[in-house]
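> Handing you this structure, nothing more for now.
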Amino acid sequence: MDKKCSVCQKDMHDAGKVVDYYGDYAAYIDIQDAQLIDGVPGTEDNHQCVHLGVCSSCNYMEEIVISEKLLK
């Protein structure tokens with residue numbers, strides 16, 4: 001993740017999909033279904049996913065929309 005913390009300007013790291021934190025079985029939600037319930041309109045159509053970014057220095061957390069990567 002190439003994102004700087006808006007509080008202290010240090011690097012943020014990717015803590016995974018936001019929907020993975022919704023409950024006990026959230027990690028098993030299909031990616032297309034996750035895009036429908038992530039709270040951000042258009043992520044499915046735009047091939048995006050909402051992840052949780054955590055600052056490596058001050059532990060500030062922020063939801064970050066990232067583009068899906070195509071694997072070959």
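> Output the residue which, of all residues in the stretch 42-67 that are in contact with a Ser or Thr (Cβ under 9 Å, 6 or more places away or on another chain) and more than 23 Å from Cys5 (Cβ to Cβ), is surrounded by the fewest Cβ atoms within 10 Å (Cβ to Cβ).
Applying the filter and picking the extreme gives His47.
> Give the residue that is modelled with the lowest pLDDT, with candidates limited to residues of the stretch 1-46 that are under 25 Å from Tyr60 (Cβ atoms), outside any loop (DSSP other than H, G, I, E, B) and of a type in the set (D, E, K, R).
So, considering only residues that are under 25 Å from Tyr60 (Cβ atoms), outside any loop (DSSP other than H, G, I, E, B) and of a type in the set (D, E, K, R), the one modelled with the lowest pLDDT is Asp20.
The values are calculated or read from the model by the stated rules, or taken from the named source; none is laboratory data. Computed from a prediction, not measured in an experiment: that's the story for all the values here. Note: ideal-geometry Cβ built from the backbone for every residue, glycine included; neighbour counts use all protein chains shown.
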